[in-house]
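The block underneath contains the structure these notes are about, expressed in structure tokens.
The values are calculated or read from the model by the stated rules, or taken from the named source; none is laboratory data. From a predicted model like this one, the values you see are computed outputs, not experimental measurements. All Cβ positions, glycine included, derive from the backbone under ideal geometry; neighbour counts span all protein chains shown.
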Amino acid sequence: MADFDWSFFTEVLVGGLLSGVMYSLVAIGFVLIYKTSGVLNFAQGALLLFAALTFVSLVERGLPFALAFLVTFAAMVLIGVAIERTVLRPLTNKPPITLFMATLGLSYIIEGAAQLLWGTQVHGLDLGIEDLPFDVAGVFVSQFDLFAAATAALMVALLSAFFRYSRIGLGFRAVADDPFAALAIGLRLPFIWASVWAAAGLVALVAGLLWGARLGVQFSLSLVVLKALPVLVLGGFDSILGAIVGGLLIGASEKLAEVYLGDLVGGGIEGWFAYVVALAFLLIRPAGLFGQKLVERV
Amino acid sequence: MTLHTRLKTAALAAGIALAALSLPAFTRQALADEQHFPLQSYRVGPYAAGGTGFFGGFIDYLNLINTRDGGVNGVKLTWSEAETQYEVERGVEAYERLKSHQGIAAWNPLSVGIAYAMIDRITADKVPLITINHGRTDSTDGRVFPYVFPLLLNPYSETSGIVNYIASKEGGLEKLKGKKIVVLYHGSPYGKETIPIYELLAQKYGFTLQQIEVPHPGNEQQSQWLTIRRAKPDYVVLRGWGVMNPVALKTAAKTGFPVDHIIGNVWSNSEEDVIPAGEAAKGYTAITTQASGADYPVVKEIVKTLYDQGKGNLEDKKRIGSVYHNLGIVNGILNVEAIRIAQAKFGKRTLTGDEVRWGFEHLQLDPARVEALGAKDLFHSINVTWDNHEGNGYVTFQQWDGTKWKVVSDWIAPDWALLRPIIEKSSEAYAAEKGIKLRTAADAEGVTN
């Protein structure tokens with residue numbers, strides 16, 4: 001162990017943790033929808049693409065940053081409400097697989113609509129944060145990744161405050177706990193669902209901007225959902241905290257595995273290694289680290 | 001014949017005449033002399049940016065020939081498009097759907113996967129398959145692959161061209177000894193195709209080599225670039241595709257690797273690869289077979305004849321002269337000239353696929369002919385023969401200055417003599433596996449009408 005390069009190990013670990021935060025950003029969007037409606041919204045990646053593409057197209061047409069953000073957010077709210085009204089509400093009480101297939105179909109429709117509306121060109125997105133490294137005791141840390149981590153932390157804090165203290169947030173928690181009981185006490189489920197879709201739209205917009213600044217705004221953005229799935233399996237589909245912790249664990253383990261185990265098996269393992277970790281957790285804790293355990297009386 | 005019957009007969013005759021007059025355009029065109037290009041294009045989906053550029057440039061050139069010259073010696077060029085989204089199943093389905101069209105000149109799918117799936121089919125149908133700058137390397141050997149043409153550049157030539165360029169920067173091939181080169185490749189058959197040839201060149205020239213895979217799609221490369229930083233190479237060769245390219249450039253900047261020591265391969269050389277990387281791409285250099293920019297006579301003519309008349313294929317005029325658009329134009333030139341050469345032998349009429357194959361096998365355009373076609377400095381030359389289907393294309397290198405590509409090298413020749421025996425070894429193994437008899441020059445002269 002004397003020869004082990006701890007500085008390099010730390011660098012890989014920190015880089016992995018910061019990448020994990022980026023995965024968490026996408027995963028949070030899934031959690032919001034799943035928690036209230038039990039739907040694994042496969043269209044989250046497509047929403048992310050749509051948000052980023054809309055934003056960057058508006059900015060390129062001369063809209064100021066803040067206005068483009070607001071207009072895009074409004075568009076995301078409209079899309080969320082439209083999805084709830086036209087797709088999910090008519091499918092209420094249908095089996096989960098039906099709802100999942102509906103969101104799968106939605107993802108294709110949204111991707112197609114995004115390209116139809118804004119074209120197929122690849123766009124650069126500059127958020128004004130330099131993506132250059134700075135040296136912390138011999139370890140290179142990315143400024144942009146730190147900014148992304150801070151944004152994720154802020155978003156989690158805002159969402160937590162919203163769900164803890166606002167009326168809609170409390171309604172959201174009631175629906176998440178027991179939708180039938182929530183309905184029985186007079187909560188307006190459609191309104192809460194629409195609000196949650198709007199919140200997921202905001203998460204998609206923020207994640208879309210950060211991922212878009214990293215990858216460029218292009219069709220491949222919708223593929224980042226593949227990074228969020230193992231995070232959800234590990235952290236639990238209905239826990240925001242789980243999405244954060246899951247993201248950190250997946251990010252760190254896949255990077256360390258790629259660097260230290262990759263050479264032994266020919267490299268290129270991080271894409272599937274994340275799923276190995278997630279499956280291992282699934283076998284031990286089927287509900288994920290922070291997911292709600294379902295107990296049914298029979 | 002009663003009046004009633006006569007009226008019915010007259011009405012029927014008039015109906016038939018009207019129906020004939022209102023036949024769909026493509027049916028009537030099929031009766032005239034025309035040469036058809038079925039296009040398995042991809043204008044939506046993850047690779048749409050490349051697809052719209054390439055097929056836009058290809059169609060623009062065909063359209064220029066029709067508009068300016070009335071076709072190739074009077075034979076009109078036609079085309080039909082089928083959307084594949086770059087998916088192999090859709091590409092094959094499009095092939096089956098479009099192959100019945102009369103007078104097909106050649107297939108140009110611009111997709112390794114679709115091309116691989118078509119080889120047996122087009123060989124049976126005796127129609128050329130053009131895989132400009134890509135495809136399987138051993139299809140260069142026309143003895144084994146009579147109908148496949150990886151025009152201008154196969155992956156091995158690309159590898160040799162890149163190593164020769166690095167050598168030229170270092171002061172000669174002998175200066176490569178002791179240098180360290182990392183190849184960062186896409187985790188796909190395309191990405192892995194050049195692994196053995198880099199190993200061979202490392203042995204030959206004495207440089208240290210490390211090849212690192214990036215899993216598809218390549219939107220996360222932190223660990224690979226940290227490994228690179230630890231390895232401290234002199235150069236990194238980027239053999240990427242799609243989103244992998246801008247992410248590589250951004251992550252290189254993030255981990256402190258100098259961008260001007262990253263050399264991109266031919267599928268990492270477009271505007272779509274650098275624009276999303278922003279400042280991180282400034283100074284990045286990549287190989288190409290065709291220079292970018294709109295300052296070439298043929299591109300200017302396309303602008304004047306088509307775009308100024310509202311007939312151009314690109315929706316966004318700013319993309320005229322981009323890497324993919326110019327690749328499409330060059331591809332158009334090569335297809336059209338193959339037809340022209342074949343017409344000189346077989347007559348100025350609609351040719352069969354096999355006759356066009358003969359044309360491709362005699363596609364020899366020296367720099368003077370390239371200049372006459374308005375493409376001087378756009379691409380160098382090509383010299384296809386019956387057994388060399390690549391045609392010894394030259395390469396050049398372009399550097400991204402933040403807004404446009406700028407040529408920074410002369411035209412460089414890959415080491416074809418070194419590569420040919422390796423290509424033949426691979427193609428002969430393929431022939432043995434498939435029970436293919438090696439073609440001779442005499443076989444190649446025989447043409448099916």
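A few comments on the model shown:
- Matching residues, the range B:197-226, being under 27 Å from A:G138 (Cβ atoms), in contact with a Gly (Cβ under 8 Å, 6 or more places away or on another chain) and within 14 Å of another protein chain (Cβ to nearest Cβ): B:I212, B:V214, B:Q222, B:S223, B:L226
- Boolean, B:G332 is away from chain A (no Cβ under 14 Å) and closer than 20 Å to A:V122 by Cα: no
- Top-ranked residue in the range A:152-167 [being of a type outside the set (A, V, I, L, M) and either within 13 Å of chain B (Cβ to nearest Cβ) or without any contact (Cβ under 8 Å) to a residue 40 or more places away in the chain (or both); ranked as nearest to B:A280 (Cα to Cα)]: A:F162
- From the list B:E199, B:E220, the one residue that fits, being of a type in the set (D, E) and part of a loop (DSSP other than H, G, I, E, B), is B:E220.
- For the range A:193-204, the criterion of being of a type in the set (A, V, I, L, M, F, W, C), without any contact (Cβ under 8 Å) to a residue 60 or more places away in the chain and assigned to a helix (DSSP H, G or I) is met by none of the residues.
- Whichever residue in the range B:176-196 is under 30 Å from A:D145 (Cα atoms) and either of a type outside the set (V, I, T) or assigned to a helix (DSSP H, G or I) (or both) and, among such residues, is farthest from the other protein chains (Cβ to nearest Cβ): B:K180
- Answer from A:A68, A:A52 - the residue that is over 30 Å from A:A174 (Cα atoms), small (G, A, S), surrounded by 19 or more Cβ atoms within 10 Å (Cβ to Cβ) and in contact (Cβ under 8 Å) with a residue 24 or more places away in the chain: A:A52
- Near pairs, Cβ below 8 angstrom, 6+ apart or cross-chain, from the range B:48-62 (more than 14 Å from chain A (Cβ to nearest Cβ)) to any residue that is of a type in the set (D, E) and crowded, with 24+ Cβ neighbours inside 10 Å: none
- Scanning the range B:417-449 for residues that are among the basic types (K, R) and closer than 18 Å to B:W386 by Cα gives B:R420, B:K425, B:K437, B:R439.
- Residue count, the range B:277-302 (criterion: under 23 Å from the mean Cα position of the chain (by Cα) and in a helix (DSSP H, G or I)): 6
- Among (1) crowded, with 24+ Cβ neighbours inside 10 Å; (2) within 12 Å of chain B (Cβ to nearest Cβ); (3) without any contact (Cβ under 8 Å) to a residue 60 or more places away in the chain, the one test that A:G288 misses: (2)
- Residue ID - surrounded by the fewest Cβ atoms within 10 Å (Cβ to Cβ), chosen from residues in the range B:49-97 that are of a type in the set (A, V, I, L, M) and part of a strand (DSSP E or B): B:A82
- Listed by first and then second residue, the pairs with beta-carbon distance under 8 Å, at least 6 apart or on different chains, first residue in the range B:175-202 and without any contact (Cβ under 8 Å) to a residue 60 or more places away in the chain and within 18 Å of B:I228 (Cα to Cα), second surrounded by fewer than 23 Cβ atoms within 10 Å (Cβ to Cβ) and of a type in the set (D, E), are B:K179/B:E170; B:K179/B:D234; B:K180/B:D234; B:I181/B:D234.
- Among the conditions (1) surrounded by 19 or more Cβ atoms within 10 Å (Cβ to Cβ); (2) in contact (Cβ under 8 Å) with a residue 40 or more places away in the chain; (3) of a type outside the set (V, I, T), A:E258 misses just one, which is (2).
- Matching residues in the range B:227-243 - criterion: being buried (at least 24 other Cβ atoms within 10 Å of the Cβ) and within 9 Å of another protein chain (Cβ to nearest Cβ): B:G242, B:V243
- Only one of the numbered conditions (1) within 10 Å of chain B (Cβ to nearest Cβ); (2) within 11 Å of A:V26 (Cα to Cα); (3) out of contact with any Ser or Thr (no Cβ under 8 Å at 6 or more places or on another chain) is not met by A:R214, and that is (2).
- Elements of type helices (runs of 4 or more DSSP H) in the range A:24-130, at least 1 residues being under 30 Å from A:V141 (Cβ atoms) and away from chain B (no Cβ under 13 Å): A:44-60, A:65-83
- Leading residue by the ranking (surrounded by the most Cβ atoms within 10 Å (Cβ to Cβ)) among those in the range A:132-151 that are away from chain B (no Cβ under 14 Å) and modelled with pLDDT of 90 or more: A:T151
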